[in-house]
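S.K.: One structure coming up, written as structure tokens, with questions to follow.
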């Protein structure tokens, strides 16, 4: 399994308000827009995302799964699929001081498909995914602050 974690601080917005926004599957299209080299909407909350990698582009299927507020924190879960990309993403939300600030952490883990897949991931896929995941969080921040 490969793991990528990145986060962003959203200032002036309470955690529950961020959870309500990100917990709406219809908002994920705005979060994903421009974060990848291509995006195809399959259904509400379901997307095929294109990563241009050599020698061939990769498709990451992104499917909104559910909101989880069982553990004192708040999480939104997403399933991922694709060649060397089967796994999950979850967005964790934590209150930062002052209470109007929310730290959103995107944590992705995915199956690279064995030792050869690990090499392909580290040489080709990982950096592209990291950049895309950072862009998702930047989009989230911009969209939620806009209101």
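Readers should treat all values here as calculations from the given coordinates under stated rules, not as data from a laboratory. Note that the structure is a prediction, hence the values are computed from the model and not measured. Here the Cβ positions follow ideal geometry from the backbone for every residue, glycine too, while neighbour counts run over all protein chains shown.
S.K.: On a 0 to 90° scale, report how tilted helix 126-146 is relative to the longest principal axis of the chain, with both axes built from alpha carbons and the result rounded to the nearest 10.
M.R.: Orientation of helix 126-146: about 30 degrees from the principal axis.
S.K.: Quick check: Cα centre of region 95-147 to Cα centre of region 14-34, how many Å?
M.R.: Going from one Cα centre to the other spans 14 Å.
S.K.: Let me ask something additional. Under the definition of Cα pairs under 8 Å and six or more residues apart, what whole-number percent is the relative contact order of the chain?
M.R.: On the way: 288 pairs, mean separation 45.5, N = 147.
Over the chain, the number comes to 31 percent.
S.K.: Order 119-126, 38-45 from most to least packed using the mean count of other Cβ atoms within 10 Å.
M.R.: The densest-packed peptide leads the list: 119-126, 38-45.
S.K.: In what order do 129, 60, 100 fall by count of nearby beta-carbon atoms within 10 Å, going from fewest to most?
M.R.: So the residues, fewest neighbours to most, are 100, 129, 60.
S.K.: Cα-based Rg of region 2-146 per 2.2 N^0.38 Å, rounded to two decimals?
M.R.: Working it through for region 2-146, the quotient is 1.03.
S.K.: Another question about this same structure. Treat the count of other C-beta atoms within 10 Å as a stand-in for reagent exposure and order 36, 133 from fewest to most.
M.R.: Values: 36 23, 133 19.
Arranged by neighbour count, lowest to highest, 36, 133 become 133, 36.
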